[in-house]
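Data first, discussion second: the structure below is written as structure tokens.
What follows draws every value from the coordinates through simple rules; no lab data is involved. The structure presented is a predicted model; accordingly, all values stated were derived computationally and were not measured. Cβ coordinates were reconstructed from backbone atoms using ideal geometry, including for glycine residues, and neighbour counts include every protein chain displayed.
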Amino acid sequence: MVRIIKKNVLFFGDIYWCSLWREVVDQNFFDLEVFFCEKQEQLNFFREERSVLSYVYVQNKQCVFENWISKKYYLLPEFFFVFLGELKILQNKVGYALEDFLLYDHTIITKKKELIVLREKEHKILIYFLNQYQKKVNKEKILKEVWNYHHMVETSTLETHVGQLNKKLRFCNHRIIRYQDNFFLDSYISS
């Protein structure tokens with residue numbers, strides 16, 4: 001199963017900080033879903049579950065803007081200048097969570113917290129298959145939707161990219177599988 005996480009942020013801290021952040025978000029970002037927590041255990045739970053894309057909190061007199069793959073530290077006056085920009089970027093980010101890996105911003109995150117960066121076309125193909133999870137899609141449709149080919153062309157471009165992508169997925173039990181002239185992303189157990 002694929003969980004798609006988008007347009008949400010968690011604010012961690014006391015009620016006064018959270019109410020300030022809520023006011024800023026409500027005035028500027030109508031479609032962002034906002035969560036708040038005051039206890040470290042709650043923050044840890046959200047991190048483990050990967051149920052939000054970004055976390056905002058204060059640590060050692062610095063404001064931290066954290067996502068699945070990085071943390072940015074800002075001094076408090078500076079933070080308010082970049083905060084709206086960070087949230088604007090967040091509005092266009094999408095995270096995908098599977099049992100054995102995460103995908104965020106062109107990067108696969110393994111269970112061992114290893115980061116595997118995808119090239120642009122690999123990312124686009126994986127997103128396509130995540131949105132079509134376990135559905136068989138024929139080669140012609142994929143070439144049309146991913147590469148904008150309008151006529152069936154004799155090419156092995158898809159097979160080449162799928163092969164490279166499957167090498168990057170080797171750490172998990174998912175593969176893009178070819179069956180006749182169809183492809184699909186599914187669980188895979190090597191024999």
* Structure fact -> Ranked by GNM mean-square fluctuation in the chain (Cα springs under 10 Å), the top entry among 127, 15, 176 is 15
* Asked: Which peptide among 74-87, 51-64 comes first, and what is the full order, when sorted by highest mean count of other Cβ atoms within 10 Å?
  -> 51-64, 74-87
* **Cα Rg, Dmax, the range 98-156, angstrom units** => 13.5, 42
* Full-stretch length increase - residue 58, residue 14 - with 0.36 nm per residue and alpha-carbon distance subtracted -> 14.9 nm
* Structure fact -> Output for the range 1-92 (equivalent-ellipsoid semi-axes, sqrt of 5λ from the C-alpha gyration tensor, Å, descending) is 19, 16, 13
* Asked: Setting aside same-chain residues fewer than 8 positions from residue 136, which lysines have a Cα under 18 Å from its Cα?
  -> 124, 144
* Using θ = phi - 60° and the Karplus form 6.51 cos²θ - 1.76 cosθ + 1.60, what ³J(HN,Hα) does each residue of the range 180-185 get, whole Hz, x for Gly and Pro? -> 6, 9, 10, 10, 7, 8
* Structure fact -> Check: C-alpha center the range 1-41 vs C-alpha center the range 118-136, spacing in Å is 28 Å
* Asked: Angle between the Cα long axis of helix 40-49 and the longest principal axis of the chain, 0 to 90 degrees, nearest 10?
  -> 10 degrees
* Length gain on complete extension for the stretch residue 184 to residue 121, per 0.36 nm per residue less the alpha carbon to alpha carbon distance? -> 21.0 nm
* To do: Could you work out how far helix 157-168 tilts from the main Cα principal axis of the chain, as a 0 to 90 degree angle to the nearest 10?
  => 50 degrees
* For the range 100-105, what does the Karplus curve 6.51 cos²θ - 1.76 cosθ + 1.60, with θ = phi - 60°, yield as ³J(HN,Hα) per residue in whole Hz, taken in order and with x for Gly and Pro? -> 10, 6, 10, 10, 8, 6
* Counting DSSP beta bridges with both ends in the chain, the antiparallel % (nearest 5) -> 80 percent
* **25 Å Cα-Cα reach of residue 72 towards lysines, excluding residues that sit fewer than 8 places from it in its own chain** => 6, 7, 39, 61, 88, 93, 111, 112, 113
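Average the reciprocal distances over every distinct pair of alpha-carbons in the range 78-191, invert the result, and give the Kirkwood radius in Å.
Hydrodynamic radius (Kirkwood, Cα only) of the range 78-191 equals 15.5 Å.
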* Measure nothing but the geometry: give the 0 to 90° angle between the long axis through the Cα atoms of 120-131 and the longest principal axis through the Cα atoms of the chain, rounded to 10°. => 90 degrees
* Asked: Hull surface divided by four, with the convex hull built on the Cα atoms of the chain: how many nm²?
  -> 12.8 nm²
* Asked: Which aspartates and glutamates have a Cα less than 12 Å from the Cα of residue 167, not counting those fewer than 8 places away in the same chain?
  -> 122
* To do: Jot down the per residue volume, in cubic angstrom and as a whole number, of the convex hull over the alpha-carbon atoms of the range 134-179.
  => 79 Å³
